[in-house]
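S.K.: Structure incoming, see below.
The values are calculated or read from the model by the stated rules, or taken from the named source; none is laboratory data. If you're wondering where the values come from, they're calculated on a predicted model, not measured in any experiment. Cβ atoms come from the backbone with ideal geometry, glycine included; neighbour counts cover every protein chain shown. What goes into the accessible areas is simple: the full protein's heavy atoms, side chains included, and nothing from ligands, DNA or RNA. Shrake-Rupley method; radii C 1.70, N 1.55, O 1.52, S 1.80 Å.
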Amino acid sequence: LAKGNGKGGWQRYQSDLHTAMMQRLEMRTALYEAIEQEQFVLQFQPIVELIDQKITGVEALVRWQHPVRGLLGPYHFVEAAEESGAIVGIGNWVLREALRQFAQWKTEHLDTTLRYVSVNVSVRQFRAAGFADQVRDALAASGARPEWLLLEITESLVLKDADRVLAELKALREIGVRIAIDDFGTGYSSLSYLRQMPVDVLKLDKSFIDDILHSRQQHALVDAIVTLSHNLDLAVVAEGIEEAGQRAALDAMGCRYGQGYHFAKPLWPGDVPAMAEQYEPYPATDRDETRQTN
Ligand code: C2E
Ligand code: MG
Ligand code: MG
Ligand code: MG
């Protein structure tokens, strides 16, 4: 094994390592350039009331309008941005732009059912010095009210360095913004632990929702999480609802909010106000049937 290609293997390894390093450096440079040249854009995905599909909020989702590669989703760059630290600049741009856009909708459509915009916050962005100050500044600059903002953090953030995170979360609470745990169920935190944190909303990960119609265990698990969350005064948003049956099952469990392709894909900003106005409640009969299955 070692005799024939030992040296060549080592050299190949070195050169692969070099290539990977160069690619990381290029990516890093490109990301910082993209911030400067304002190549990031936002789409907004509706979050609805399961009972009548009325839109209550929207989640801001970042995309990179790459000059050569076209429109790129977070899958292509968020990890690299997190590694290189560029996510702090990108995240602060997202925060400011989401609030600016939302404040504009609220002033242009006074009767809108939209109550809040949800913004994803990366671990690194949250841990950067003065995150609460960034939020305060972004609110002031946009004229948005604190209650219009929901910040989505992940379980992994809460599990490490809990004291500092807790202090920062309390500072955010004092400003008046709400906190959601995103992708709940993919990490290792427990509900009772989370309850010790100033958290308002639980977003149940899509992987939990996928099987509820086909697995009794999965259905029972989600049902239990919803009940326990409510007893702990946490609102629940089910993520990744793709079928009418999932909506009905979650509604029957008492889960109040949902998000997913069944209701709407992420939208360009221009399409949001119309979507928020055109909502039509499910027919009453449909709702009654749903209730009876419980
Ligand atoms: P997330 O925060 O859990 O956002 C939900 C993701 O699920 C979005 O993907 C959305 O398009 C997708 N999705 C929603 N409904 C459905 C459905 O019914 N079926 C399927 N298959 N997918 C659905 P997206 O936009 O590609 O974002 C992926 C992840 O990237 C986000 O997951 C979030 O973790 C991260 N991300 C997005 N924007 C930002 C941001 O501004 N900052 C940070 N730090 N992360 C972000
Ligand atoms: Mg999210
Ligand atoms: Mg999520
Ligand atoms: Mg998710």
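S.K.: Counting residues in the range 207-272 as N, plug N into 2.2 N^0.38 Å and put the Cα Rg over that result.
M.R.: Here the Cα radius of gyration is 1.17 times the empirical estimate.
S.K.: Check which residues have an amide H placed less than 5 Å from Ile179's amide H, if you skip close sequence neighbours.
M.R.: Counting only residues 5 or more places away or on other chains, the set is Leu151, Asp200, Val201.
S.K.: I've got another one for you. Run the numbers for Tyr261 and Gln11: contour at 0.36 nm per residue of separation, minus the present Cα-Cα distance, in nm.
M.R.: The Tyr261-Gln11 span can extend by a further 85.2 nm.
S.K.: To continue, here is another question. How large is Rg/Rh for the range 1-155, to two decimals, with Cα atoms and a Kirkwood Rh?
M.R.: A ratio of 1.15.
S.K.: Taking a probe of 1.4 Å, how large is the accessible area per residue of the chain, in Å²? Before the final figure, lay out the partial values.
M.R.: Details: 15300 Å² over 294 residues.
Result: 52 Å² per residue.
S.K.: Let me have the 222 nm mean residue ellipticity of the chain computed from DSSP H runs of 4+ only, each contributing -39500 (n - 2.57), with the sum over all residues rounded to the nearest 500.
M.R.: That comes out to -16000 deg cm²/dmol.
S.K.: Looking at this model, which pairs from Lys54/Lys265; Lys206/Lys265; Lys54/Lys106; Lys106/Lys206; Lys54/Lys206 are more than 26 angstrom apart at the alpha-carbon?
M.R.: Cα-Cα > 26 Å for Lys106/Lys206; rest within.
S.K.: I've got another one for you. Please state the charge dipole magnitude for the range 126-255, taken about the Cα centre, from unit charges on C-beta atoms (+1 on K and R, -1 on D and E), reported in debye and rounded to the nearest 20.
M.R.: The calculated dipole for the range 126-255 is roughly 320 debye.
S.K.: Please list log₁₀ I(q)/I(0) at q = 0.07, 0.09, 0.12, 0.13 Å⁻¹ for the chain, using the Debye equation with identical point scatterers on the alpha-carbon positions.
M.R.: Treating every Cα as an identical point scatterer, log10 I(q)/I(0) equals -0.31, -0.50, -0.84, -0.96.
S.K.: Right, another one. Using a 1.4 Å probe over the heavy atoms of the protein chains, calculate the carbon and sulfur portion of the accessible area of the chain as a whole percent.
M.R.: Summing carbon and sulfur atoms, their accessible area is 51 percent of the total for the chain.
S.K.: Kindly sort His18, His214, His262 by accessible area of their heavy atoms, largest first, with the probe set to 1.4 Å.
M.R.: Per-residue accessible area, sorted high to low, gives His214, His18, His262.
S.K.: Which of the aspartates and glutamates could a cross-linker span from Lys160 if the Cα-Cα distance has to be under 14 Å and same-chain partners fewer than 8 positions apart are dropped?
M.R.: The qualifying aspartates and glutamates are Glu168.
S.K.: Moving on. What are the principal axis extents of the Cα atoms in the range 84-133, in Å, biggest first?
M.R.: Cα spread of the range 84-133 along its principal axes, largest to smallest: 41, 16, 14 Å.
S.K.: Rank Gln14, Val41, Ala235 by how far each Cα sits towards the positive end of the charge dipole of the chain (+1 on Lys, Arg Cβ; -1 on Asp, Glu Cβ) and give me just the farthest.
M.R.: Gln14
S.K.: Still on this structure, I have one more. Please state, rounded to one decimal and in Å, the Kirkwood hydrodynamic radius that the range 115-232 gives when every pair of distinct Cα atoms enters the mean of 1/r. Intermediate results must be reported in sequence, preceding the final value.
M.R.: Working: mean 1/r = 0.0657 Å⁻¹.
Over the range 115-232, the inverse of the mean reciprocal pair distance is 15.2 Å.
S.K.: On to the next question. Identify the trypsin sites (Lys or Arg not before Pro) of the range 63-150 meeting these criteria: DSSP loop state and at most 13 other C-beta atoms within 10 Å of the C-beta.
M.R.: Of the trypsin sites (Lys or Arg not before Pro), the ones in loops of the range 63-150 whose Cβ has at most 13 other Cβ atoms within 10 Å are Arg69.
S.K.: Given the C-alpha centroids of the range 162-239 and the range 93-120, what is the distance between them in whole angstrom?
M.R.: Using only Cα atoms to place each centre, the spacing works out to 23 Å.
S.K.: Mean separation of Cα pairs under 8 Å and 6+ residues apart, divided by the residue count of the chain: what relative contact order is that in percent?
M.R.: Numbers: 446 pairs, mean separation 56.4, N = 294.
19 percent.
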